[in-house]
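Throughout, read-outs are computed from the coordinates displayed, never taken from laboratory work. Note that the structure is predicted; figures quoted are calculated from it, not measured. FYI the Cβ positions are ideal-geometry reconstructions off the backbone, even for glycines, and counts take in every protein chain you see.
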Amino acid sequence: MSYGVRKKFYNSKLWNQVKNNVWLKQHLLCNRCGKPVYVDGLSEWLPKDKRRIGIVHHIEYLNDTNIYDDNLTINEDNLEGLCKDCHEQEHHKPTSIRDNYMFDDNGNLIKKEQ
C-alpha cells in the first residue's frame, strides 16, 4: 500500500474519532490479552517506560485496493484494539504449514523451496 495514502488516512480526523471509539468501547484494554493500553488523549499520563502502546488493528487487512472502502477502513466491526505486542504477533504470525509444503509429481508431500 502506498505510504502517502496510508499516512493521509491514519492522520485524518475521522480515523482518530473511530479509533478512539474502539478504545472507549474496549475500556482501554487489549482485545486479545486484556492488558491495559496507553492511548494519547484518552489515557491518564504515564511515563514512556510504563506505557503499553495501543494500536487499532484492521481485522481484514487494508491494501491499495480496499483502502478507500469505508466498510473496511472505519467499520468498527472490522477493528479491534490491540496492545503493541499482540499487534506484532498478528502481523508476524507464522504462515500455515500448508503454505510451506506441496505435492510432487508422485503425490509425495515435500517442502517448497523458499
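Annotation: the residues K7, K35, sorted from fewest to most other C-beta atoms within 10 Å of their own C-beta, follow the order K7, K35.
Note on segment 3-99: semi-axes of the ellipsoid equivalent to its C-alpha gyration tensor, largest first and rounded to whole Å, are 22, 19, 12.
Could you tell me the number of lysine pairs in the chain with C-alpha atoms less than 15 Å from each other, where the two lysines are 8 or more residues apart or belong to different chains? Taking the chain as the scope, the lysine pair count is 9.
How many nm separate the modelled label positions at E90 and S12, each set 7 Å beyond the Cα in the direction of the Cβ? Once both label points are built, they end up 1.9 nm from each other. Charges were assigned to the Cβ only: +1 to each Lys and Arg, -1 to each Asp and Glu. The resulting dipole of segment 3-99 about its Cα centre is roughly 420 debye. Based on Cα contacts under 8 Å between residues 6+ apart, segment 1-98 shows a relative contact order of 30 percent. The GluC sites (Glu not before Pro) of segment 1-89 that meet both conditions, a loop assignment by DSSP and at most 16 other Cβ atoms within 10 Å of the site Cβ, are E44, E60. For the chain, the longest principal axis of the C-alpha atoms and the axis of helix 13-25 are separated by about 90°. Between H27, H87, H57, the residue with the greatest mean-square fluctuation in the GNM of the chain (Cα pairs under 10 Å linked by springs) is H27.
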